[in-house]
Amino acid sequence: MCLRYMVTEGNPKELLLALLEQCEFFDDDIRFTTLMFLIQKTLLRLPNKRFHSLDLALETLTGHILSKPIPEDNALENEERKLLAMDERVQQINDVLKAFLDFLKPFVEEVSLKNSCDLHNENIQAQILVLKIHLLKILNQPVIYLDLHVESDRNVGKSNSRVCVEKLMHLFSHLETNFQKMMEFAVNKKPLIIKLDENFRKTEMEIENEENERRVNKKDKNNSAKVPSLRFNEVIPTHSLCCLSYLIHSEKLGIDEFPCVYSNFYLFEFNLPFIVDMLKTTKSLLLFKGLKLLKSFVCILPSDSISGYRLDNDNYNKVINNLIEIMIRCSMKDLRQEAVQLFTSLIKVFQHNGRYQLYQNILNKCSHSGVKGYVINLIKDEIKDTLKENIPNKSFLGQRLKRLIKMATTLPDKETTDLLEHSDRIITVLNLLRYLVIRDPPKQNTTGIWDELKNMEIDFLKPLRVGLDMSKAHYNLELQKFTDEKKKRKMAPDFDVSVGGVHLPPVTENQEIQVMHSALNTFDMIDSLLTRLTEIIDQQNI
């Protein structure tokens, strides 16, 4: 009661400095919200030219929000993600955010662009900038680390994090009428600058002078921290723009303040750096946001709409590589599946020459057999569609197809290549070759595959047969050792295996035998495909 009386009756400038000094030492959220309410009342008593005082207060208050620990990444999937709302850190962040947004509300409403305020008024301009800077700060942290998604097609309740971010974007929409223009300004690393006349600046500097005097004269154990000067030249953090872009394009928050004059292609290329930034992280919620943002654009871009020349923009290759990393290494099944779907959809957005370049780059640079096998299947679909056309496109025929097949049929160590490691690629490419020799007989030879078979026999098929015989013999010999009672190993292996720092139990002999049988089954499958391919080639040459 005493503090409330002092706030309503005391000198607002002196009270503000005293309250902010107390805020420097807050150690719990209850004290924070109590002081924040008193600071709000004090600021509202100041004259209209309050932008510096508001900036000073917000710098202190957002400092507390930014100091909140980021929620742990528990790698939750699908419905499990709802459990994030029960995390103690998430609840603390939501409570603090709700109080902070309530604090901002009266200051936003008095300069709201929806209320036909005077945009030429320097006081209003300055206050709008102060508010936007601090809203963007909390988007950078901690908002981007919260689960903000809600399924629009399902009748489910919203989480507290979602309610908070909706309120945040509602306030933001009162301060900005063109989010795209603001983001372009920030991407170009242009600071948020406002030109103030000398009289205006001098008036507002009075509070700063008082604060400087107070801190110079005060000798405490902290040696008095520096007072922030006018910070309208701040560069916006990248994660702030990532989060804002995700909220607008994926969650459709603030979409009414987004002009409809921009093409989908322009917006896609503009947002590619944000997608790359989120997909290159290891935090599950940032990966989730990056995939959702990518999906929001890929779904609205028509197939065959982007020229291959646009691949000069390196962000396209970065997104493709990021998707491959998620497909291979991400521990969450739903994100891996989403990445696979977006990988295919993104490639289809490009025209023939662009898709050809992407396939070529992946086959040339990617070392994962499964990814190469998946890409070879996509190439097979391309050839199938091409052969159905009345006037076939030349991108996947002739010499261009030969280059792709040559990369797909490479055996790094010839006959001694580890066939088990490359089995996914080998099985897929044998299926592709079988399809080609059946679909495109020698008399037609539209694809040009028959011109390449002699070289392929020398460089791929013959070494593969020899390698299969060697691999089968090796694994059969190892299997015989395990099944021979006199030669069974009784001792545990002298090594251990760890995944992600966690030691796995030693492999039992039965498990090793199963691995041997699985390898032999794989070799039998490759042998069957190779034998069938050879038979078809011989039949077609008769």
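The values are calculated or read from the model by the stated rules, or taken from the named source; none is laboratory data. Note that the structure is a prediction, hence the values are computed from the model and not measured. Cβ sites come from the backbone with ideal geometry, for glycine too, and all protein chains shown count toward neighbours. Side chains are part of the model used for accessible areas, which takes the heavy atoms of the whole protein and leaves out ligands, DNA and RNA. Shrake-Rupley method; radii C 1.70, N 1.55, O 1.52, S 1.80 Å.
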* **Nonlocal amide H pairs with ILE306, under 5 Å, H built at 1.01 Å** => PHE350, GLN351
* **region 367-472: GluC sites (Glu not before Pro) in DSSP coil with no more than 10 other Cβ atoms inside 10 Å** => GLU389
* **Across LYS98/LYS137; LYS252/LYS280; LYS68/LYS137, pairs whose alpha-carbon gap is larger than 22 Å** => LYS252/LYS280
* To do: Report the charge-dipole magnitude of region 318-475 in Debye, nearest 20, computed about the Cα centre from +1 at each Lys and Arg Cβ and -1 at each Asp and Glu Cβ.
  => 300 debye
* Structure fact -> Each label sits 7 Å from Cα toward the beta-carbon; between ASP334 and VAL261 the label points are separated, in nm, by 3.9 nm
* Determine, from the Cβ-Cβ distance of SER345 and ASN74 and an R0 of 25 Å, the FRET efficiency 1/(1 + (r/R0)^6), rounded to the nearest 0.05. => 0.30
* Structure fact -> In whole Hz, the Karplus estimates of ³J(HN,Hα) for region 73-88 (6.51, -1.76, 1.60; θ = phi - 60°; x where Gly or Pro) are 8, 8, 6, 7, 10, 6, 5, 4, 4, 5, 5, 4, 5, 8, 5, 4
* Accessible surface, per residue, of region 308-396 when the full set of protein chains is kept, probe 1.4 Å, Å² -> 47 Å²
* Could you go through region 410-417 in sequence order and give the Karplus-derived ³J(HN,Hα) for each residue, using 6.51 cos²θ - 1.76 cosθ + 1.60 with θ = phi - 60°, rounded to whole Hz, and x for Gly and Pro? => 6, 10, x, 10, 6, 5, 8, 4
* ³J(HN,Hα) across region 356-365 via Karplus (A = 6.51, B = -1.76, C = 1.60, θ = phi - 60°), whole Hz, x for Gly/Pro? -> 4, 4, 5, 4, 5, 5, 5, 5, 7, 10
* To do: Could you please state, rounded to a whole Å, how far the C-alpha centre of region 368-425 is from the C-alpha centre of region 273-338?
  => 23 Å
* Structure fact -> Within the under-12-Å Cβ sphere about GLU166, not counting GLU166, Lys/Arg +1 and Asp/Glu -1 give a net charge of +4
* Between MET86 and THR281, what is the FRET efficiency for a Förster distance of 30 Å, r being their Cβ-Cβ separation, to the nearest 0.05? -> 0.80
